[in-house]
Amino acid sequence: MIDKKHYTCYLYTCNVNYPFARGIKMTASTLNHTLALNGGEKLIQNKDKELFHWPIITKEDEDAVLDVMRKGTFSHTALTSEFEKEMAAWQKTKHALAYCNGTASLLGALFGCKVGAGDEVITPAYTYWATFMPIINLRATPVFADIDPKTLCIDPADIEKKITPKTKAIMVMHAFGHPCDMDPIMAIAEKHQIKVIEDASHAQGSLYKGRMVGSLGHVSGMSMMGGKSFAVGEGGMLLTDDEEILQRAASFGFYEKTVGTNWSKEGDLITEPELLPWKGMSAGGFKHRMNQTCSAMGRVQLKYYPERIKEIQESMNYFWDLLKDTPCLTIHKIDPKTNSTMGGWYNAVGIYHAEELGGLSSQKFCEAVQAEGGILSVGPKQYARSHLHPLVQDADVYNEGKPSVIAFSDRDTRLKKGDLPITESMEEKVITVPWFKKLKPDLIKQYADAIKKVAENYQELL
């Protein structure tokens, strides 16, 4: 065994995409050392918090938020209106509505598409609950479809199988920054004359064949909570080119946009005849607008976000290129030759194959990487069993005398274990990997080496 204290080497690479990696002097970490989990030396000794720190907050952000606080204009709308215009311009959509959170934006999008009692909305189960619970809020029925095993996004072929005369919309979710395959999905929607709603909460800034995710369907909603790649503290955004969807969403939760007030000059947005009688009140009984501390921060973040996510993309692509020959991991990224990107690469994941390592469980694999100082964990597990959760099985949330998920349906759409085989298989396969925010090749390589070390010495764990 080579003593790494007395053996050094230089890393040279011929990969033209990463010229910065040439000539980095580093201690040779011979990957056949005893695993740290079994008493060997820990591979990553020191951690650089800057690699993962997010969001990036500057004095410009602080000054913008403090200005709102000092003026006391928290609930006003002037800054928020500017933020909406800037978001629409960046997304290349005609309209934007800034929300208090992403879940509310998806509820508004559904209402905008006239989803209501008895309707069906096809949606992935492999997602956070905020994608499908608003469907139940509107007394419609979520119909869960399976996913593609490589992209982790909804499978267009399974969407087609789930279409019925009751189908009103398709709700897609761009999983962990990876765009859904939107061309066939939009073709299905056109064929059946139904709407497509994008949940872009994981994918702000992602491109699909050169077009911005969030501008591909009839309407989109996205979260901007503090942990997202585009973070404003807490908030959401609805984006659409459709005037009727915009007006319906506004009438549902933005009373100030339907009638002018002494602090908002946005009234008279509503011109649709069926919505005119609702002016002055919130049709949904909600107040959905974003507070101005968040919109102030959002305006600053948007100025720098496109450049910052370029560094995230370079960092994540470098990390995954180091692991491209690691057979136990399928890389979760999109082919750049398609003119598509992963945006801010929210909550980066990979897909683990236990069969490549003698059946070693994903949990044990991750524990061994963690012992090396690496970052790896199984999950999010709950995504793989969303369709089996009590809230979409038996719960009578609204005291309607039957499960709320089918309270207004003329059929039982509930699924049982085994009905979504690919979705369910991901419970132990999907693993969360480091989500790098800074391009520091020598440090990123250490995290890749921690994974390689465990993969190459897995027999110690069997």
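The values are calculated or read from the model by the stated rules, or taken from the named source; none is laboratory data. Quick caveat: nothing in here was measured; it's all calculated off a predicted structure. Cβ sites come from the backbone with ideal geometry, for glycine too, and all protein chains shown count toward neighbours.
Pairs linking a residue in the range 450-462 that is assigned by TED's automatic domain parsing to the domain that holds ALA354 and farther than 9 Å from LEU360 by Cβ to a residue that is of a type in the set (S, T, N, Q) and surrounded by 17 or more Cβ atoms within 10 Å (Cβ to Cβ), with Cβ atoms under 6 Å and 6 or more positions apart or on different chains, are ALA455/THR326.
Within the range 170-210, restricting attention to residues that are farther than 24 Å from PRO434 by Cα and in contact (Cβ under 8 Å) with a residue 40 or more places away in the chain, the residue that is surrounded by the fewest Cβ atoms within 10 Å (Cβ to Cβ) is GLY210. Here SER361 fulfils each of the conditions (1) surrounded by 19 or more Cβ atoms within 10 Å (Cβ to Cβ); (2) over 20 Å from the mean Cα position of the chain (by Cα); (3) among the hydroxyl-bearing types (Ser, Thr, Tyr) apart from (1).
Return the only residue of GLY350, GLY285, GLY343, GLY373 being among the small types (Gly, Ala, Ser), within 23 Å of the chain's Cα centre (by Cα) and more than 30 Å from ASP61 (Cβ to Cβ). Of the residues listed, the single one that is among the small types (Gly, Ala, Ser), within 23 Å of the chain's Cα centre (by Cα) and more than 30 Å from ASP61 (Cβ to Cβ) is GLY350.
Could you please find all residues in the range 399-417 being of a type outside the set (Val, Ile, Thr), in contact (Cβ under 8 Å) with a residue 24 or more places away in the chain and closer than 14 Å to LEU138 by Cβ? Within the range 399-417, SER404, ALA407, PHE408, SER409 qualify. Just wondering, is there one or more residues in the range 284-306 that are out of contact with any strand residue (DSSP E or B) (no Cβ under 7 Å at 6 or more places or on another chain), under 30 Å from TRP345 (Cα atoms) and in a loop (DSSP other than H, G, I, E, B)? Within the range 284-306, one or more residues are out of contact with any strand residue (DSSP E or B) (no Cβ under 7 Å at 6 or more places or on another chain), under 30 Å from TRP345 (Cα atoms) and in a loop (DSSP other than H, G, I, E, B). Every test in (1) under 30 Å from LEU323 (Cα atoms); (2) surrounded by fewer than 20 Cβ atoms within 10 Å (Cβ to Cβ); (3) out of contact with any helix residue (DSSP H, G or I) (no Cβ under 6 Å at 6 or more places or on another chain); (4) among the polar types (S, T, N, Q) is passed by GLN393 save one, and that test is (1).
The single condition among (1) surrounded by 15 or more Cβ atoms within 10 Å (Cβ to Cβ); (2) in contact with an Asp or Glu (Cβ under 7 Å, 6 or more places away or on another chain); (3) not aromatic (Phe, Trp, Tyr) that PRO327 does not satisfy is (1).
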